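Student: Sharing a structure with you now.
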Amino acid sequence: MNSRLQEDTAVSFPNEFNITHHKETDDFRASLKFVLTNDQSKVLNDIISDLTGEYISQRLVQGDVGSGKTIVAFLAMLDVALSGYQAAIMAPTEVLAKQHYETFVNWVKESGLDIPVALFTGSMKVSEKKAMQKLVDENQSCLIIGTHALISEGRSFGDLALVITDEQHRFGVQQRDKLSSKGNHPHIVVMSATPIPRTLAMILYGNMHVSAIKELPANRLPIKTCVIKESMRSTAYKFVSDEIAKGHQVYIICPLVEASETTEAQNVTDYSKKLKEHFKDAYDIGVLHGKMKPAEKNQVMADFAEHKTQILVSTTVVEVGVNVPNATVIMIENANRFGLAALHQLRGRVGRGDAQSYCILMNSSSDNNQSKRLNIMLKSNDGFYIAREDLKLRGPGDMFGVRQSGEFSFKVADIYQDADELEMASNDVDQILKEDPALENNPDLRSTLNLFLANQFYVL
């Protein structure tokens, strides 16, 4: 395990980019049809402070689902481009990358600025990729959007000053590092819609500054959530029909792709057929799962986004998907099989417009403890609250191994009871390293830290 000392001394490069905050960015922000929340403004200011600071920065931006991370990323990238550099954002899916591209193109057009926007995805034709690469090569300042295609061999960028990873938990460390290596020590921002309690975030991302966007845009109504049993299925289907009659759309999530001999749970293959029979083919139903080819998945999601289908039956691959404001209901089958954080992520697929949205959790378990666990989803739409409760129930698991739940291997601390002390320790370490980054004047402290590490203490 690397300590923050080792991480920070490895990345404390001088900021040689001449990035400044621009009036054009403020003008565009003022022209938006919505006002940034206080949290969005604070995080944006944090990033701008990083970009204009003395050293190259790394920042984790946690934004609850639907909190508006994309506009924050765009405004930061806009300052970078206006300063004469390139900024890139990497998304985990082609659908999300294309959505970002279309959004950014529209925003640039609305701003009246002549800033090129490039897109790279795996399914693009060779000729299309060459055209985009030519655009990047010929423009020292531009916005670059893509999937893993951004880190493919032969992909090159000019003066890349900012790299943003969207839904960072979908990428490996090596993938994020590979994109960063395309530039000469660019600033790093990783964005996540999976809330992590602040103290745990400090441990997991000890080498990064941590910011959070908790507020939702003013026009967002809280999603109404209910937990029901099988006996209420007909009522749930009637509710689905009523919402579709209003012109809205519906997600239905199943845990499996197809039937399993060892697991009793709903699967998208059989479920979609049953659904068509139940509704007597009254609705166009899309089917989406991870075993489909990328082009097929993209088409299914595009059809749903364009309202060509009314119901999308899917596995959890929609957890990171396009923004479909018209979708107002998500029904999650066998909800007892999912973690609370995953359920919250899925719930975030709806509630993205100004219409009231709903989440229906089907509880197929007879275990009262499961019912109590699911009832936490009824108490709050706050992902950070749910993450804390989920952490208490399951434990954080092995952060650097494969164990997905269980107790922390702390020797003397407890992440829940000692949260304040752990945060104080983190702040103390920041201050010490700020004054003496390599601990050259503090050899005894260096030895003590190494001793702690050797005994499996977590140094914050």
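Student: Within segment 371-388, does at least one residue satisfy the condition of being under 16 Å from the mean Cα position of the chain (by Cα) and surrounded by fewer than 20 Cβ atoms within 10 Å (Cβ to Cβ)?
Tutor: yes
Student: In addition: Assuming Gly84 fulfils every condition listed in (1) among the small types (Gly, Ala, Ser); (2) touching a residue at least 60 places away in the same chain (Cβ under 8 Å); (3) buried (at least 20 other Cβ atoms within 10 Å of the Cβ) apart from one, which condition is it?
Tutor: Looking at each condition in turn, Gly84 falls short on (3).
Student: Pick out the one residue from Ser364, Ser371 that is part of a loop (DSSP other than H, G, I, E, B), touching a residue at least 60 places away in the same chain (Cβ under 8 Å) and hydroxyl-bearing (Ser, Thr, Tyr).
Tutor: Of the residues listed, the single one that is part of a loop (DSSP other than H, G, I, E, B), touching a residue at least 60 places away in the same chain (Cβ under 8 Å) and hydroxyl-bearing (Ser, Thr, Tyr) is Ser364.
Student: Check Ser31 against each of (1) touching a Lys or Arg at 6+ places or on another chain (Cβ under 8 Å); (2) loosely packed, with under 15 Cβ neighbours inside 10 Å; (3) not acidic (Asp, Glu) and name the one condition it does not meet.
Tutor: It fails just one condition, (1).
Student: Now for a separate question. Which numbered condition in (1) in a helix (DSSP H, G or I); (2) in contact (Cβ under 8 Å) with a residue 40 or more places away in the chain; (3) surrounded by fewer than 16 Cβ atoms within 10 Å (Cβ to Cβ); (4) not hydrophobic (A, V, I, L, M, F, W, C) is the only one that Asp79 fails?
Tutor: Condition not satisfied by Asp79: (3).
Student: Specify which of the listed residues (Val257, Val250, Val189, Val240) is under 26 Å from Thr70 (Cα atoms), outside the structural domain of Phe120 (by TED's automatic domain parsing) and modelled with pLDDT of 85 or more.
Tutor: Testing whether each residue is under 26 Å from Thr70 (Cα atoms), outside the structural domain of Phe120 (by TED's automatic domain parsing) and modelled with pLDDT of 85 or more leaves just Val250.
Student: Let me confirm something: among Asp177, Asp137, which residue is more than 13 Å from Leu96 (Cβ to Cβ), out of contact with any helix residue (DSSP H, G or I) (no Cβ under 7 Å at 6 or more places or on another chain), modelled with pLDDT under 90 and assigned by TED's automatic domain parsing to the domain that holds Met208?
Tutor: Going through Asp177, Asp137 in turn, the sole match is Asp177.
Student: Among (1) surrounded by fewer than 23 Cβ atoms within 10 Å (Cβ to Cβ); (2) under 23 Å from Phe239 (Cβ atoms); (3) in contact with a strand residue (DSSP E or B) (Cβ under 9 Å, 6 or more places away or on another chain), there is one condition Ser357 misses while meeting the rest; what is its number?
Tutor: Every listed condition holds for Ser357 apart from (1).
Student: Now, a different point. I'm checking my understanding of the structure. Among residues of segment 22-33 that are modelled with pLDDT of 95 or more and among the basic types (Lys, Arg), which one is farthest from the chain's Cα centre (by Cα)?
Tutor: Lys23
Student: Would it be correct to say that Glu243 is farther than 20 Å from Gly339 by Cα and without any contact (Cβ under 8 Å) to a residue 60 or more places away in the chain?
Tutor: Judged against the criteria, Glu243 is not a match.
Student: Take the conditions buried (at least 21 other Cβ atoms within 10 Å of the Cβ), among the aliphatic types (A, V, I, L, M), over 20 Å from the mean Cα position of the chain (by Cα) and closer than 24 Å to Asn184 by Cα and apply them to Ile19. Does it pass?
Tutor: When the stated conditions are applied, Ile19 passes them.
The values are calculated or read from the model by the stated rules, or taken from the named source; none is laboratory data. All figures in this text were calculated on a predicted structure; none of them were measured in a lab. Reconstructed Cβ throughout: ideal geometry from the backbone, glycine too, with neighbour counts over all protein chains shown.
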